[in-house]
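Read through the structure below, which is laid out as structure tokens, and then see the notes.
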4 protein chains.
Amino acid sequence: MFDLRGIVPPLVTPFNESGEVVYSDFESNFEKYLAAGVEGYLVLGSNGESVYLEHDEKLKLIRAARKRVPESMMLLAGTGVESTAATIRLTREAADLGVDGVLVKNPFYFKSRMTSEVYLSHYTAVADASPVPVVIYNVPVFTGISMEGGLMIELARHPNIRGVKESAGNVQLISEVCWATADNDFSILAGSAPTLFPTMMAGAGGGIVALASAAPAAMVQLYKAFENRDYQAASSLQEIVAPAAVAVTATFGVPGLKAAMALEGFRSGLPRRPLLPSGVAAVAELREIFDRMNSRLVQTGVASHA
Amino acid sequence: MFDLRGIVPPLVTPFNESGEVVYSDFESNFEKYLAAGVEGYLVLGSNGESVYLEHDEKLKLIRAARKRVPESMMLLAGTGVESTAATIRLTREAADLGVDGVLVKNPFYFKSRMTSEVYLSHYTAVADASPVPVVIYNVPVFTGISMEGGLMIELARHPNIRGVKESAGNVQLISEVCWATADNDFSILAGSAPTLFPTMMAGAGGGIVALASAAPAAMVQLYKAFENRDYQAASSLQEIVAPAAVAVTATFGVPGLKAAMALEGFRSGLPRRPLLPSGVAAVAELREIFDRMNSRLVQTGVASHA
Amino acid sequence: MFDLRGIVPPLVTPFNESGEVVYSDFESNFEKYLAAGVEGYLVLGSNGESVYLEHDEKLKLIRAARKRVPESMMLLAGTGVESTAATIRLTREAADLGVDGVLVKNPFYFKSRMTSEVYLSHYTAVADASPVPVVIYNVPVFTGISMEGGLMIELARHPNIRGVKESAGNVQLISEVCWATADNDFSILAGSAPTLFPTMMAGAGGGIVALASAAPAAMVQLYKAFENRDYQAASSLQEIVAPAAVAVTATFGVPGLKAAMALEGFRSGLPRRPLLPSGVAAVAELREIFDRMNSRLVQTGVASHA
Amino acid sequence: MFDLRGIVPPLVTPFNESGEVVYSDFESNFEKYLAAGVEGYLVLGSNGESVYLEHDEKLKLIRAARKRVPESMMLLAGTGVESTAATIRLTREAADLGVDGVLVKNPFYFKSRMTSEVYLSHYTAVADASPVPVVIYNVPVFTGISMEGGLMIELARHPNIRGVKESAGNVQLISEVCWATADNDFSILAGSAPTLFPTMMAGAGGGIVALASAAPAAMVQLYKAFENRDYQAASSLQEIVAPAAVAVTATFGVPGLKAAMALEGFRSGLPRRPLLPSGVAAVAELREIFDRMNSRLVQTGVASHA
């Protein structure tokens, strides 16, 4: 039973001053997410700084996450790298370690060569080889490539390709894919919190969004309002969280997300270099944005974190 | 009473083989729109090929439209050109001819100089001088400039700037502007039919969309379903019209819109050069797309055109 | 005898505080250009703010220029507007007023429709109808469209299309077009002073560049060094003028060019709104950049202006 | 003595049908390059498909290259990956294996976070730790980021940062960096064969260009003509090689380069997946382009390969 719905925080990887992964900090954050009511977890996503991780660190993080995530809850791992063969190897290792599905970013370095034919061949090879369901990961802001709706629709026909994380906030794309895959066992998750509500209205069944790592309860509340068809409440919550959602992505990026998490009581550590931690001014601005969001959430009866 | 809501077709300008405006054809289309239940009309928009029109042709088209549009219905005219002074002159002439509001595209030729300061100064000058309400027109696909939400919010404070036509389909921008202008007398209209439903969910009060010129009844039906909070029906209608909506904009442009209108019984004429009319293959594809849309609309009980 | 070579200043249009053209200021600048040794003049180019000019202002500016430019020297006028018919009308009027050639910018508003077929048809119609040679004007920074080399090569076969002003600074494009048109009577002029020397090495026969309006003597010197195959001197002059060249285009735009011209003793007036004049800080920076350029030019024996 | 000049082929990595590196094929190509008169070699560059290589494959390729490249000739290795620490580790291992310098691509995944401050810190850390000279690698077509001239100029002050491979073909950037680093021990190499001649005129001291891997003798000839100040010959050779230079980069990418190398008698193998090999039509077009180039080279007295 692979059901891609609800709010899924993309777990960050805490590093210390020397740039080493602090696994105990990583494990310490799960309790809060559980209390907030998230539906699953993503390890090794973009916000997990997977591009800065060594292979053995990736395996250790999956093990640590699986230890903390109840069997009944979904654990996804990001296993997409540039080479098809290396993606398959990591996918199989992740499956062996007990993940329920893998999130596979499209290869993108040789941009002009990344035709639909190349992507069809790549994803088919990965999905054929993967013991667990495969979720496509479209994230143009990092890859510089926007995957086409037609390609996603074609990939959705593969029985082991079961969804897409669409991080561009493109409601037209989401609508198109949602309609065309209505008969497939295929789900769409939003990847962008600032547009979570409209993208769910357009067909997304939830979201893997950065803000869920710093403010899980608010995101869960928004999702529940949507699920209960209380669009007034959902729209109002979307408005309340929007500034924080933009701050931990477009404005301050992963360092900002980590700083915001620290403000909210998580153990998020430092980013790994070349990323530099948020400066004093950025942290002050984040504090103000989160304080404002939290006091507005309290007014609407949402605890800022469980 | 200036109320920017509902479906507003952007009127096309019919040209003959010699490139002259055929005013009688232009006037002949209004009856159908009226029957379909549109809320207002836009003359001299992008789809009206206003960039190809001479000054006297613009005035004659406004006069012809005003003659055909009942006093009780809203008539907008596109009066934004590059120079502030020329925009003000055309705005005043349009008001003298009886339009209810003007749609003012941002100047864009000197892209790097078009700062927020320049836009504030330009729109304030136009709104101060205009006898009728001003609606901002943001259309990055043609201008190459995406106006910032913050700027729109600031402009919304001017008592004579009463709305924005947002053609980028950017739900994040629409949400942001909608929330921030809730206390102003300021409306947002979608400018992109493929995303009409999600953008209305994000706060738009209707749309000035190309497809409304070729399939007004379907667009009105979609709008009414939304207004009645029948989101299931609205979403389903959005899916049905999406392929036609994309075809008459992104895929085939103004020539495609005119060809589709002809298929649907309107008198749309030829585009003006340098635009070339749609070729045989494009027309065949449009026919197929519209036939499929129309038969699906019939199944849902919507007459394709009144 | 139409010979597109050497340095051609794109004339600015001086406006007063009320936004009116000051023709006497316009006429007062020619003497200096003549003394500097330029080969020709362009009226109604982008730097002339042609997009902000009314039709009758355009005709008056052509008349004023023709009065001041000796018969033996080349006068070009920018006559490209969006519609083919309007471009042809203005082209013919300009020819009647005595210009030696017209610079025709590609129409660009309906970007996705501007196919090679459209451009071939447009330029062929204009060139067929024009009594004087036509020069293509490629300026992606303003139009958002980069014309393809293959298209230029095809257009170069028309006997009345005699050159291109290439403002993108794309040396690969310039080389390609230069080689392919070696047997045609077709010239390439650079449109970007910061890359004038390398583009001349790649095949351009001179330049219509903003800096030539503020520092004509330096640009003429650079061109002469290149023509005399003194590449050491040309390269050195290019280095000296580069900061000023960037300042009056990318950094400060037309308002910056006008401010720099005023510092150099020209009567350039104000920009027309919506353009705002350069602020105090920008003018101070321009002064510093031009002072530094002038003192370095003096060291190399070039008078900063004749 | 680290002297970054002349023509340096970026070595491709031959893979077999199973996707394994064929080291014997890799080693078999050096003889021809030596005969053609290249000045050095690059292993693990973009054309070497380094993004698809495992860590141990990288080390084996460096060892194989060092075995074949005479001590007197320069061997560079691409060691830039996303993380600073991993870049330093690979750089040190490469130095231990005897490379003369390392080419370090800028990290680029978190685009909006890649500020000048981040790059200064990253490159300084790498250059401080590297036992061999560091060469910056700017390749916007793959990274989506164009490094600023000002940043390069600042990095050039570090005694162990000794040059840049500039693959954008941006002559303005090259001129600017060249002038500003005239007093440093810092060189610029072109990364784009279609613009090699103009970029050398703008200050580049040679090139690491894809075409040098398939047609080394022609590229060496072009470089020598430039060095001997025979600009007529250099320009003419540039024209002759341009179509092939474009074909093995922009048009057909790495698969096209490998196909062209096979046509020219090299053992280039297949690309690694997800890259797909060039199809029959592409190979036929490459054959035609290279045949035409070779016959024109023969006319000018250049053997197509030694």
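So the values come out like this:
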item	result
Residue within segment A:157-165 that is within 14 Å of another protein chain (Cβ to nearest Cβ), outside any loop (DSSP other than H, G, I, E, B), of a type outside the set (Lys, Arg) and closer than 30 Å to D:Met114 by Cβ present	no
Qualifying residue in segment D:286-296 (condition: within 21 Å of the chain's Cα centre (by Cα) and basic (Lys, Arg))	no
Subset of segment C:26-64 (residues that are touching a residue at least 24 places away in the same chain (Cβ under 8 Å), away from every other protein chain (no Cβ under 14 Å) and of a type in the set (D, E, K, R))	C:Glu27, C:Lys32, C:Glu39, C:Lys60, C:Arg63
Near pairs, Cβ below 6 angstrom, 6+ apart or cross-chain, from segment C:229-254 (within 12 Å of chain B (Cβ to nearest Cβ)) to any residue that is in a loop (DSSP other than H, G, I, E, B) and modelled with pLDDT of 90 or more	C:Thr249/C:Ala210; C:Phe252/C:Ser278; C:Gly253/B:Phe110; C:Val254/C:Pro271
Test result for D:Val298, at pLDDT below 95 and part of a helix (DSSP H, G or I)	yes
Matching entry among C:Lys67, C:Lys111 (being touching a residue at least 24 places away in the same chain (Cβ under 8 Å) and within 11 Å of chain B (Cβ to nearest Cβ))	C:Lys111
Subset of segment C:114-136 [closer than 21 Å to C:Glu166 by Cβ and facing another protein chain (nearest Cβ under 7 Å)]	C:Val118, C:His122
Qualifying residue in segment A:77-99 (condition: more than 27 Å from D:Gly48 (Cα to Cα) and touching a Phe, Trp or Tyr at 6+ places or on another chain (Cβ under 7 Å))	no
Tally, over segment B:276-300, of residues that are hydroxyl-bearing (Ser, Thr, Tyr), in contact (Cβ under 8 Å) with a residue 12 or more places away in the chain and away from chain C (no Cβ under 14 Å)	1
Residue check for B:Arg89: of a type outside the set (A, V, I, L, M, F, W, C) and farther than 19 Å from B:Phe30 by Cα	yes
Subset of segment A:5-36 [open to solvent by less than 10 Å² (accessible area, probe 1.4 Å) and in contact with an Asp or Glu (Cβ under 9 Å, 6 or more places away or on another chain)]	A:Gly6, A:Ile7, A:Val8, A:Val12, A:Thr13, A:Pro14, A:Phe15
Test set (1) outside any loop (DSSP other than H, G, I, E, B); (2) within 14 Å of chain C (Cβ to nearest Cβ) - B:Arg273 fails condition number	(1)
Helices (runs of 4 or more DSSP H) contained entirely in segment C:168-259, each with at least 2 residues that are modelled with pLDDT of 95 or more and surrounded by 22 or more Cβ atoms within 10 Å (Cβ to Cβ)	C:211-214, C:216-227, C:231-246
In segment D:72-101, the residues that are farther than 24 Å from A:Gly19 by Cα and small (Gly, Ala, Ser)	D:Ser72, D:Ala77, D:Gly98, D:Gly101
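The values are calculated or read from the model by the stated rules, or taken from the named source; none is laboratory data. As the structure is a computational prediction, the values presented were derived from the model and not from experiment. Heads up, the Cβs are rebuilt from the backbone with ideal geometry, glycines too, and the neighbour counts pull from every protein chain shown. In case anyone asks, the SASA skips ligands and DNA or RNA and just uses the protein heavy atoms, side chains included. Shrake-Rupley method; radii C 1.70, N 1.55, O 1.52, S 1.80 Å.
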